[in-house]
Amino acid sequence: MLILNSGGTFNKRYNKVNGELEVPYDSQAVESILQHIDAPYDMAGVIFKDSLEMDANDRKMLASIIMESKDDTFVIVHGTDTMDKTAEFLNEIFDDRKIVLTGAMKPFEIDKVEATLNFGMAVGFAKACEKNGVYICMSGYVESWDKLVKNHQQGRFELV
């Protein structure tokens, strides 16, 4: 399994100089969770953006990394606003891999529970799932990418 950290709210940290939450150019949040797991996982930080800033080239980069990897199972930490767009893009390319996108509605720095729960569920599902496909793991659900959507008014993901 390869874990790809692409940034998003999950990773945001408070910048005390300008008073804003920013996506840092590191994987400190994911690494903090992984240090509590006894099994080793390969992890790479790849984009370090808020998902609203992601574009087609960023999605192509993720696809290229997945295509070139020896792994067939992937967990992608991604921002929640465009997680569905990335999932749809990857679904059009891959039918021979398991890809699980996850993230958090609040930064790990602010709410370690939600981010850790989503990430842990995504890793566990990816390890146990036998069916290839693209999935989203958010708000206590893990479903095919097209069956779970963000409800922006409620601030959570829901089944459709």
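The values are calculated or read from the model by the stated rules, or taken from the named source; none is laboratory data. Since the structure is predicted, the reported quantities are computational estimates derived from the model, not experimental observations. Don't worry about glycine lacking a Cβ; one is built from the backbone with ideal geometry, like all the others, and counts go over all protein chains shown. What goes into the accessible areas is simple: the full protein's heavy atoms, side chains included, and nothing from ligands, DNA or RNA. Shrake-Rupley method; radii C 1.70, N 1.55, O 1.52, S 1.80 Å.
Within the range 122-143, count every residue that is in a strand (DSSP E or B) and either charged (D, E, K, R) or more than 25 Å from Leu34 (Cα to Cα) (or both).
Count: 1.
For residues that are out of contact with any Leu (no Cβ under 6 Å at 6 or more places or on another chain) and of a type in the set (Ser, Thr, Tyr), scanning just the range 117-160, find the one that is nearest to Val77 (Cα to Cα).
So the residue we want is Tyr135.
Any idea which residue in the range 2-35 is nearest to Leu117 (Cα to Cα), counting only those that are touching a helix residue (DSSP H, G or I) at 6+ places or on another chain (Cβ under 6 Å) and aliphatic (A, V, I, L, M)? Can you show your working first?
Start the filter on the range 2-35 by keeping residues that are touching a helix residue (DSSP H, G or I) at 6+ places or on another chain (Cβ under 6 Å), which leaves 5, 8, 10-11, 23, 29, 33.
Then keep just the ones that are aliphatic (A, V, I, L, M); that gives 23, 29, 33.
Working: Val23: 20, Ala29: 13, Ile33: 10 Å.
Here the residue is Ile33.
Quick check on Val30: is it touching a residue at least 12 places away in the same chain (Cβ under 8 Å), outside any strand (DSSP E or B) and of a type in the set (Val, Ile, Thr)?
Here the answer is yes, as Val30 does meet what is asked.
Would you point out which residue out of Val30, Val23 is open to solvent by less than 40 Å² (accessible area, probe 1.4 Å), in contact with a Gly (Cβ under 7 Å, 6 or more places away or on another chain) and at pLDDT 95 or above?
Val23
For the range 85-105, name all the residues that are polar (S, T, N, Q) and either under 20 Å from Gly124 (Cα atoms) or open to solvent by 40 Å² or more (accessible area, probe 1.4 Å) (or both).
Across the range 85-105, the qualifying residues are Asn91, Thr102.
Could we say that Val17 is touching a Ser or Thr at 6+ places or on another chain (Cβ under 8 Å) and over 15 Å from Ala104 (Cα atoms) here?
no
Kindly indicate which of Thr73, Thr82 is among the β-branched types (Val, Ile, Thr) and either under 19 Å from Asn11 (Cβ atoms) or open to solvent by 30 Å² or more (accessible area, probe 1.4 Å) (or both).
Just a single option satisfies the conditions, and that option is Thr82.
What are the pairs, 6+ residues apart or on separate chains, where a residue within the range 2-27 that is over 14 Å from Asp81 (Cβ atoms) has its Cβ under 7 Å from a residue that is open to solvent by 20 Å² or more (accessible area, probe 1.4 Å) and modelled with pLDDT under 95?
Partner pairs satisfying both residue conditions: Ile3/Tyr41.
Pick from the range 123-151 the residues that are without any contact (Cβ under 8 Å) to a residue 24 or more places away in the chain and more than 15 Å from the chain's Cα centre (by Cα): which of them is least open to solvent (accessible area, probe 1.4 Å)?
That would be Asn151.
Which residue pairs have Cβ atoms under 6 Å apart, sit 6 or more places apart or on different chains, and have a first residue in the range 60-84 that is touching a residue at least 12 places away in the same chain (Cβ under 8 Å) and in a helix (DSSP H, G or I) and a second that is open to solvent by 10 Å² or more (accessible area, probe 1.4 Å) and not basic (Lys, Arg)?
What qualifies is Ala63/Ile93.
Does the range 106-122 hold any residues that are touching a Ser or Thr at 6+ places or on another chain (Cβ under 6 Å) and surrounded by fewer than 22 Cβ atoms within 10 Å (Cβ to Cβ), and which are they?
Pro107
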